1. Rounded to the nearest 0.05, what FRET efficiency do A100 and I15 give with R0 = 35 Å and r taken as the Cβ-Cβ distance? Could you check?
2. Name the residue from A17, T204, M167 whose Cα lies farthest towards the positive end of the charge dipole of the chain, charges +1 on Cβ of Lys and Arg and -1 on Cβ of Asp and Glu.
3. Between Q185 and S129, how high is the FRET efficiency from 1/(1 + (r/R0)^6) when r is the Cβ-Cβ distance and R₀ = 22 Å? Nearest 0.05.
4. Hey, in the GNM for the chain with a 10 angstrom Cα cutoff, which one of V82, V162, V124 fluctuates hardest?
5. Can you give the Rg/Rh ratio of the chain, where Rg is from the C-alpha atoms and Rh is the Kirkwood radius?
6. Given labels modelled 7 Å from the Cα in the Cβ direction, how far is it in nm from K108 to E26?
7. Taking K41 as the anchor, which aspartates and glutamates have their alpha carbon closer than 14 Å to its alpha carbon, excluding any fewer than eight residues away along the same chain?
8. Rounding to the nearest 20 debye, state how big the charge dipole of the stretch 87-153 is about its Cα centre with +1 on each Lys and Arg Cβ and -1 on each Asp and Glu Cβ.
Amino acid sequence: MLLEVRDLHISYGDIQAVCGVGFHLEEGELVSIIGANGAGKTSILQSIMGIVSTKKGSVIFKGREISGLASHERARIGIRMVPERSRVFPRLTVYENLLAGAYGLRKKIDVEKRTEWLYSVFPVLKERSSQLGHTLSGGEQQQLAIARALISEPELLLVDEVSMGLMPKLVDEVFEVLRQLNKEQGLSILLVEQNVVASLAISTRGYVLETGTCAIQGDAAELADNPRVKEVYLGH
Ligand SMILES: Nc1ncnc2c1ncn2[C@@H]1O[C@H](COP(=O)(O)OP(=O)(O)OP(=O)(O)O)[C@@H](O)[C@H]1O
Ligand SMILES: [Mg+2]
C-alpha cells in the first residue's frame with residue numbers, strides 16, 4: 001500500500017472539518033475523493049501534505065507514519081500537491097516556474113531531461129517557455145502547476161480540483177494527461193474533485209465524502225452508478 005489514512009480528524013478552532021476519515025491508495029492507483037463544497041476535501045489533502053495539522057489519526061506513506069514530518073520533508077520523500085486554484089510565480093518565466101518545482105530536492109534529478117519530457121506532455125508550455133507566469137491563461141497556469149509538481153518525480157501526486165475554472169475542453173485535456181500519467185507512467189494519483197463524471201471516468205476507485213466522513217466507497221464504475229451519488233452529484 002502506498003498511502004493509508006486512518007481515522008483522520010481535522011479541526012479549525014471549534015470547527016470540526018474532518019472527523020474519522022479513512023481510505024487508502026495502492027501503488028499505481030488513481031483514486032478520487034468526491035464531495036460537496038466544505039466537505040473537507042482540501043483539508044484532507046493538506047493534512048497528507050503536512051500543511052494543516054491533524055488532531056487525531058494517522059497518515060502512513062510506504063509503511064511509514066509521516067504525521068510528524070514537515071511539509072518539505074514529505075515533498076522530499078515523494079509526495080507533491082497541485083493546490084486548489086494553483087498560483088504560478090507571476091514574475092518568473094514558464095521555465096523558471098518549472099525549475100522552482102525542483103528546488104530543494106535531496107535526490108538528483110536530470111532537470112533538463114525532465115523538462116523535455118514535461119514539454120512533450122504539455123506542448124503549450126514549451127511554446128511559452130520564456131513567457132512570464134502571469135501572462136498565461138488560467139488553463140495554461142493549471143498545466144504549469146501540474147508540470148511544476150511533476151518535475152520532482154513524485155511517487156504520489158495530490159491534485160485539488162484541477163478542473164475548477166477551466167472550460168470543458170480543457171478539463172478533458174487535463175484529465176486525459178492525468179489518466180496517461182497514471183496508466184503509462186504508473187504515477188499514483190489522489191484526485192479531489194467536484195467534477196464527479198470526469199474524475200470517476202479516469203479513476204480506479206473512489207470515495208464520497210459527506211461533511212467530513214467517508215460515506216460511500218467503491219470501484220469508480222460502481223460509484224458512478226450509485227443511486228445516492230447520482231442523486232446528489234449528478235442531478236438525476
Ligand atoms: N483555515 C480554516 N479556518 C477555519 N475553517 C476552515 C479553514 N479551512 C477550512 N475550514 C472549514 O473546514 C471545512 C472543510 O473545508 P475544506 O476546504 O476542506 O472543504 P472542501 O471540501 O475542500 O470544499 P471546496 O469544495 O469548497 O473546496 C469547511 O467548513 C471550512 O469552512
Ligand atoms: Mg477545496
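Readers should treat all values here as calculations from the given coordinates under stated rules, not as data from a laboratory. Keep in mind that what you see is a predicted model, and the values were worked out from it rather than measured. Counting neighbours? That spans all protein chains shown, and the Cβs are built from the backbone with ideal geometry, glycine included.
1. According to the calculation, E is roughly 0.60.
2. A17
3. 0.50
4. Judging by the Gaussian network model, the answer is V124.
5. Here Rg/Rh amounts to 0.96.
6. 3.5 nm
7. E84, D160, E161, E193, E210
8. 240 debye
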